[in-house]
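Below you'll find the structure, written out as structure tokens, and then a few comments.
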Amino acid sequence: MNARAFLVRGLLVGLLAGIAAFAVAYMVGEPHVERAIALEESGSAAAATEPTDHSHAAGTAPHSHGDSTGDGAGDGAGDGGASVSRTTQRTWGLATGTLAVGVALGGLVALVAAATVGRLGRLTPRQSTAVVALVGFTAVALAPFLKYPATPPAVGSGETIGARTGYYFVFLLISLVVGVAAVVVATRLWERLGAFEAVTIAAVGYVAVMVLAGELMPTVNEVGDFPADELWFFRRASLTTLVALWAVIGVGLTALVGRLHEQVASVAARRELAASL
Amino acid sequence: MSQSTAAPVSEVAIPTIPLRELAPWALFFGLLGLVVIFFVTTDQGAVSLPAGTAIHEWVHDGRHLLGFPCH
């Protein structure tokens, strides 16, 4: 078992995860993106006559696919300047995003898994890889989503993108650091208290710290009068996409690392047998 | 008999990868992965490295559906 073996498996699994995420995003998520854009376009027409909560957003080409938007039909046909048609955005563009993130994330998870093998108490490589994937999903995807959930096109002001991006990644970083700390604490307590107690303490500690961090960090609410059900459908689809991405990485990498370890162990056992003859 | 001695050894001794061996891989590919994730999820939103909107436009839907702040 070496770094290369892990990385190759992670990249492969990441590619599969990207494909799965694309399939889920395309089938489950895209209908809601389309509906949000349709709502946005009808909304920006209405915003000219009635002031709304996010009127500044509506006034400055709400859905800034390209900040150069001047025309109301921006989303439908692509904006001036760097224009990418909706058809391209929801097929090749979406595929580019999910595949790139999938491969990169698969590689990163694999490298972390490589570092943790044999270092999480007596967990086997298969088990420690599963822990890395599960903690990774919780800390990197789930917790940030719960605090700063995905927003469909039409929600979110272009003027606050800097602050919102900052909050999101600060929260993600906190979550990651606390998640790693929780795993370290669980590993330390494992010998003294036993598995159940150690994991429970670490998990409760993670949740408590993250709830506190969530309470302290600013809340973003730029939903305005976007329909609540449509918002929920979009967010559910977005979370489903993230789950698909991480599930394929987690299950796939756990399976491949487990098999790798079995091969390595059986080769070692055969060598030992041969040496003893 | 030799098998009964071999099996427990492979069970107890879980292999580790020396951090010294892992470090260059982690540094290089970790940075590469983070750069890729940055360009897909964040670039030309809050921060624009090549100015413009081409990257943002291209990965727009992925950014929304993967839950990153887009605009």
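Summary of values
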| item | result |
| --- | --- |
| Residue satisfying all of: in the stretch B:11-29; small (Gly, Ala, Ser) and over 13 Å from the mean Cα position of the chain (by Cα); modelled with the lowest pLDDT among these | B:Ala13 |
| Candidates A:Gly258, A:Gly224 - the one that is more than 21 Å from the chain's Cα centre (by Cα), under 30 Å from A:Glu41 (Cβ atoms) and surrounded by 15 or more Cβ atoms within 10 Å (Cβ to Cβ) | A:Gly224 |
| Qualifying residue in the stretch B:48-70 (condition: of a type in the set (Lys, Arg) and more than 8 Å from every other protein chain (Cβ to nearest Cβ)) | no |
| Qualifying residue in the stretch A:101-108 (condition: surrounded by 24 or more Cβ atoms within 10 Å (Cβ to Cβ), in contact with a Phe, Trp or Tyr (Cβ under 7 Å, 6 or more places away or on another chain) and within 9 Å of chain B (Cβ to nearest Cβ)) | yes |
| Conditions (1) surrounded by fewer than 23 Cβ atoms within 10 Å (Cβ to Cβ); (2) closer than 20 Å to A:Ala163 by Cβ: number failed by B:Pro69 | (1) |
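For every residue, the table says whether it meets (1) more than 15 Å from the chain's Cα centre (by Cα); (2) of a type outside the set (Ser, Thr, Tyr).
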residue	(1), (2)
A:Val132	no, yes
A:Pro144	no, yes
A:Ser157	yes, no
A:Thr165	no, no
A:Leu176	no, yes
A:Val183	yes, yes
A:Ala186	yes, yes
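The rows are residues; the columns are (1) among the basic types (Lys, Arg); (2) at pLDDT below 90; (3) more than 22 Å from A:Ala244 (Cα to Cα).
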site	(1), (2), (3)
B:Leu31	no, no, yes
B:Leu34	no, no, no
B:Thr41	no, yes, no
B:Ser48	no, yes, yes
B:Ala51	no, yes, yes
B:Ala54	no, yes, yes
B:Glu57	no, yes, yes
B:Gly62	no, no, no
B:Cys70	no, yes, no
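The values are calculated or read from the model by the stated rules, or taken from the named source; none is laboratory data. Predicted model, so just to flag it, every value in this text is computed and none were measured. Cβ: placed from backbone, ideal geometry, glycine included. Neighbour counts: every protein chain shown.
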